[in-house]
1. Is it fair to say residue 75 is more than 18 Å from residue 136 (Cβ to Cβ), of a type in the set (Ser, Thr, Tyr) and exposed (fewer than 12 other Cβ atoms within 10 Å of the Cβ)?
2. I'm checking my understanding of the structure. Among residues of segment 42-72 that are farther than 24 Å from residue 178 by Cα and of a type in the set (Val, Ile, Thr), which one is surrounded by the fewest Cβ atoms within 10 Å (Cβ to Cβ)?
3. Go through (1) on the phi > 0 side of the Ramachandran plot; (2) at pLDDT below 95; (3) loosely packed, with under 11 Cβ neighbours inside 10 Å for residue 39 and report which single condition fails.
4. On the basis of being assigned to a loop (DSSP other than H, G, I, E, B) and touching a helix residue (DSSP H, G or I) at 6+ places or on another chain (Cβ under 7 Å), does residue 83 make the cut?
5. Residues in segment 58-78: is at least one basic (Lys, Arg), touching a Leu at 6+ places or on another chain (Cβ under 9 Å) and closer than 15 Å to residue 132 by Cα?
6. Test residue 47 against the criterion of being in contact with a Lys or Arg (Cβ under 8 Å, 6 or more places away or on another chain), in a loop (DSSP other than H, G, I, E, B) and not polar (S, T, N, Q), and give yes or no.
Amino acid sequence: MSNSPNSNDFYQVPDLRFDIAKLRSALEDVLKNSKYQTLGITNFAAIPLNKIPGDDDSIKGHNVRGVYWTKPDESGKEVARDKPIEEEKYTELLDEFKNTYFEEVYNKLRKKFKLGRVRILLKQPRSTLSWHKDPEPRLHIPIITNPGCRMVIEDIAKHMPADGKVWITNNTRYHNFFNGGEQDRIHIVACMLENRFN
């Protein structure tokens, strides 16, 4: 397996960086008032930042997770899980993020990219996601991470440091994420409505 950090499936956005100290402080404030949804996935949880205007169900359960494809057993047969999401309808920032640094980040990202759901995703220590693929690429801003956190896309593994930089990953290919450290891994993750990997 190659460990090359130069894979075309990992793209660091040039000239875009956020204040990591402000992100961590804003996260600390959010965690006092909001709880992660576990979504029925072991060692994984999410807090939505945006929703479909007027639709509070758009930030619950399966709507937070969304459709993905996986190969769950030795047959290698691909199966779909969950249901498709109308990403383009997620345009309203949740009230709890207004007048916070998350609002500044959200507005700046939406001026630069076409985004769907934006979530704060948590991966617990010593855990991994399933081997799967998503309908679209993802934008990542690591807030808390450690050297044992790696995203693997096909045969390439990459650590994304929590330094305020923005990454776009090709989640339309098979991938997973593992946290081999002993602290939570927390990223802002947004669904991209434009594919930069075609």
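The values are calculated or read from the model by the stated rules, or taken from the named source; none is laboratory data. Everything numeric in this text was worked out from a predicted model, so none of it was measured. All Cβ positions, glycine included, derive from the backbone under ideal geometry; neighbour counts span all protein chains shown.
1. Yes, satisfied.
2. Here is the first cut: in segment 42-72, the ones farther than 24 Å from residue 178 by Cα are 50-60.
Then keep just the ones that are of a type in the set (Val, Ile, Thr); that gives 52, 59.
Details: 52: 19, 59: 21.
Here the residue is 52.
3. That leaves (3) as the condition not met.
4. Judged against the criteria, residue 83 is a match.
5. Looking for residues that are basic (Lys, Arg), touching a Leu at 6+ places or on another chain (Cβ under 9 Å) and closer than 15 Å to residue 132 by Cα, one finds at least one in segment 58-78, hence yes.
6. Details: in contact with a Lys or Arg (Cβ under 8 Å, 6 or more places away or on another chain): yes; in a loop (DSSP other than H, G, I, E, B): no; not polar (S, T, N, Q): yes.
Against the criterion (in contact with a Lys or Arg (Cβ under 8 Å, 6 or more places away or on another chain), in a loop (DSSP other than H, G, I, E, B) and not polar (S, T, N, Q)), residue 47 does not qualify.
Condition check ((1) under 20 Å from residue 54 (Cα atoms); (2) under 16 Å from the mean Cα position of the chain (by Cα)) across all residues:
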position: 86; (1), (2): yes, no
position: 101; (1), (2): no, no
position: 104; (1), (2): no, no
position: 110; (1), (2): yes, yes
position: 119; (1), (2): yes, yes
position: 134; (1), (2): no, yes
position: 158; (1), (2): no, yes
